[in-house]
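Engineer: First the structure, then my questions, so here it is.
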Amino acid sequence: MANSYGFDFLRNEHNLAPSSSATADSSAISSSSVATAYQRPNSANNAPAVIPDASHKSDLEKQADVLLFLRHHRSSGCLPPPVIYKSLGIDLSDGGTDAAVVTMLLNNPKVNVEEVPDPENPSLNMNLFGYRAKFSTVRDKATLLAQINRCKNGVKWNDLMDAYEGVEKDLQKLLTGGEILGVTNPEEKDKILFPRGESFLVELDGCVTLELPKLPPPSIAPSAGILQARKLHSRIVKTDVDPRLQIRRGEAIRVGGEWFRVSSAVREDLPLDKQPPRAQAPPSVVSMKELSKKNEVDGYVRRFDSRTIPLDGTLSENGGIGALAKAKVARERLHSIAGGGEGGSGSGTGAGMRGVTGGASATLLSSFATEKNPSMLAGVFAKSVAASFGMGRAGGGVGGGGRKRPTAKINSRQRDGGGLGGGHGLRGGRTALDADAVKAAVENARSAALDPALSHSHAVRHGCTKDVRDMYLETLASIPTSEVDLHKMLLENKLIDPGEKMSRPRMKRKANVDNDGKPKKRRYYERKNMRRTNTHLDGTDIGAMLAIAAEKQSQGKSVGDGGM
């Protein structure tokens, strides 16, 4: 019986059949959904494909089925009518039974139609049908980000949902990592995405590590239980500095090169997008205030304390987990060199080298983040290692308690008895390191300080840390609003010198000078072999005026409106 309200799409053929067997009879196929019609025949018995019966459907229903089919197979490009007929039972060939559907598809802006020669009869043309997304150039994550960056006034989330398979996951990753901005539109219940522009990233204090179950030897495949346990433990990141002073729940954080949000889930049985709105991470990567107090009453799923950072996702085995493991090895190598445990040849003897101390080594070995250039720190650390060879620990003492230059032991030789002259040399028949060994030790220290794995020792966030922002907001009211009062406060705190002006006078730029301040030179160019062709006017008044104008033009003078 026909639907009296005109809702033809509520027919029973759009409901999934209770049986999932691929060898159902024709009666079951007629009552199955379009999704069941997409199932391919079993290739084991080489049975012919069963073509669904779509004769009972209206043209609008057929068009909707074709659109859905093309969208699910949009990665395949344009499809020929025989492929669509075998899957849906809708004949879109030239002169077929569904000519009205073809006309509707040709006028549909969501359908891309290409006309190509028919493989069976090249003298005739056939139409290929494909799905046309609103942004047809978006095919992967890179082109997705480029498209959003081009839309300065924003683009709707739903307009990008039909771009390609997996676009929703890529959009969520871009939002989580802060590569794009998202603003919720409550009227349309949609998100508007905007380009972020240049980002400002800050390292957090504290070296991050993981406590994971150990994997078996490479010859033994790890069990599914161990892999699952490692995934669960990778959600909990350990740190040696309290992170709650620097970041809030729901804000973006990068660990091991992967972006996450600090976990704010209150229910373990629900995915992230199904959590209560008060427990969901905001679209922005930073928050100006804490999440709802009711979340604390209900209790968060993962704790966030002075030594733990909970993540809303799992670190990948070859990505974040591997990066943190390499960072730990790089820090241990750096500590070994600074403590004198790793010599110039990397043998671990540390002969002739004392412990390295100083600003560069303290900065590199500290758990606190620094804004200094890594290359500069590596150079200073290498110089400290070179200077440390002037007072060897295992290579003998230095008489008189004085520190020798780094070359003091390089030119020394092995002796059987006492040291060199007055006890200033080597003892016990030991041999000092030569120049090549010291050079190798310095290069080893430099390479250890420049190890790229050290960049994953600290977590990273967007914008300034929570304590810096709070300090700015608390002291914002005490900052003078007028330039005169601000100038006086800067003088009182000795931030500027007395007599120094608040701002430099605006430079006056002359119009007739170039960027270097030199006068511009006017250049006049004459076309080669340029000559007058109206010589028949010579001797007349007009000819005399033309001759005078040509002479003025050769001198660089104005000759009127330039109509010559």
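Engineer: Taking Cα centroids, how far is region 77-92 from region 244-292 in Å?
Structural biologist: Taking the Cα centre of region 244-292 as reference, the centre of region 77-92 is 46 Å away.
Engineer: Please report the orientation-averaged projected area of region 113-240, defined via the convex hull of its C-alpha atoms, in nm².
Structural biologist: Details: hull surface 64.0 nm².
The number I arrive at for region 113-240 is 16.0 nm².
Engineer: At a Förster distance of 22 Å, what's the computed FRET efficiency of residue 199 paired with residue 371, Cβ-Cβ distance as r, to 0.05?
Structural biologist: Efficiency computed from Cβ-Cβ geometry: 0.85.
Engineer: Over 30 Å between Cα atoms: which of 238/294; 289/328; 518/552; 110/152; 383/466 fall into that group?
Structural biologist: 289/328; 383/466
Engineer: Taking R0 as 41 Å, what FRET efficiency do you get between residue 83 and residue 223 from their Cβ-Cβ distance, rounded to the nearest 0.05?
Structural biologist: That gives a FRET efficiency of 0.40.
Engineer: If amide H atoms are built 1.01 Å from N in the plane of the peptide, which residues on other chains or at least 5 residues away come under 5 Å of the amide H of residue 181?
Structural biologist: Result for residue 181 returns 194, 196.
Engineer: For residue 313, enumerate residues with amide H under 5 Å from its amide H, sequence gap 5+ or separate chain, H modeled in the peptide plane.
Structural biologist: Excluding prolines and chain starts, which carry no amide H, the hits are 261.
Engineer: As an exercise, use a Förster radius of 30 Å and the Cβ-Cβ distance of residue 297 and residue 211 to find the FRET efficiency, rounded to the nearest 0.05.
Structural biologist: Plugging the Cβ-Cβ distance into 1/(1 + (r/R0)^6) gives 0.55.
Engineer: If packing is taken as the average number of other Cβ atoms within 10 Å across a peptide's residues, how do 319-325, 247-253, 198-204 rank, most packed first?
Structural biologist: 247-253, 319-325, 198-204
Engineer: If you add up the charges near residue 382, with Lys and Arg at +1 and Asp and Glu at -1, over every other residue whose beta carbon is less than 12 angstrom from its beta carbon, what do you get?
Structural biologist: +2
Engineer: Return the sequence-ordered ³J(HN,Hα) values of region 221-234 in whole Hz as given by the Karplus equation 6.51 cos²θ - 1.76 cosθ + 1.60 applied to θ = phi - 60°, using x for Gly and Pro.
Structural biologist: Once rounded to whole Hz, the list reads 6, x, 6, 5, x, 5, 5, 5, 5, 5, 5, 5, 6, 6.
Engineer: Right, here's the next one. Taking the highest mean first, how do the peptides 256-265, 108-117 order by number of other beta carbon atoms within 10 angstrom per residue?
Structural biologist: Ranked from most to least packed, the peptides come out as 256-265, 108-117.
Rule-based calculations on the coordinates, nothing more; no lab input. Since the model is a prediction, treat every value here as computed from it, not as a measurement. Backbone-built Cβ (ideal geometry, glycine too); neighbour counts: all protein chains shown.
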